[in-house]
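This report refers to the structure that appears directly beneath it.
The values are calculated or read from the model by the stated rules, or taken from the named source; none is laboratory data. Being a predicted model, the structure only gives us computed values, none of them experimental. No Cβ is skipped: glycine too gets one built from the backbone with ideal geometry, and neighbour counts run over all protein chains shown.
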Amino acid sequence: MSGGLSRAGKEIPLQTLLPWVHILSFSVWVGANLFVLGMLCPASRGLPSDERPGFVRRAASCLNAVVAAAAPLAVLSGSGAFWLQGTAPGSGAFFVLAAKTLLTALMALNHGLQAFRYHACLEDPLDGRNPWMRLLVTNAVLGVVVLLLGLALRRVAL
């Protein structure tokens, strides 16, 4: 067996499987941030002010669980796909990949700050100065940029 997944007697090579796992897990990671930012936080505005912090705290806990599952899988599958592809240092694809890797590391650090340092700052979740909300917005923007770099990477690698 050369490494892959068997299905109905056919083997799916890792070069095919890893990019799909990477895209799916990264979409879940960024999508969870965008869902909390674009749906749950605005929806919490309709709640009474005494219920709002508890609602956003529960949403933040769910976000942390989703990211804790999806982010490592996205990083590992992306690293595996890079290793299998063998991008040469100095090429255009290598520089795009380096930028994507750096921004992904910033996303992970950013989410770590959200989850462990500023999780208690959700007393007034809709305040624009709230550090947790600022980190959420930053993570969502970084996620979109990393997604666009991934699309550029496919373009440069062709």
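Can you tell me which residue among F55, F82, F26 is under 18 Å from L147 (Cβ atoms) and at pLDDT 85 or above? Step through it out loud before you land on a result.
Working: F55 fails: under 18 Å from L147 (Cβ atoms); F82 fails: at pLDDT 85 or above.
So the residue among F55, F82, F26 that is under 18 Å from L147 (Cβ atoms) and at pLDDT 85 or above is F26.
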Please verify whether the range 13-23 includes one or more residues that are in contact (Cβ under 8 Å) with a residue 60 or more places away in the chain, closer than 22 Å to A98 by Cα and in contact with a Ser or Thr (Cβ under 6 Å, 6 or more places away or on another chain).
yes
Restricting the first residue to the range 85-110 and requiring it to be modelled with pLDDT under 90, which pairs with a second residue that is assigned to a loop (DSSP other than H, G, I, E, B) meet a Cβ separation below 8 Å and a spacing of at least six or different chains?
A93/T87; F94/T87; F94/A88; L97/T87
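Take residues that are charged (D, E, K, R) and tell me which of the helices (runs of 4 or more DSSP H) falling wholly in the range 22-116 contain 1 or more. First the steps, then the outcome.
On the way: elements: 41-44, 52-85, 92-112.
Of the helices (runs of 4 or more DSSP H) lying wholly inside the range 22-116, those with at least 1 residues that are charged (D, E, K, R) span 52-85, 92-112.
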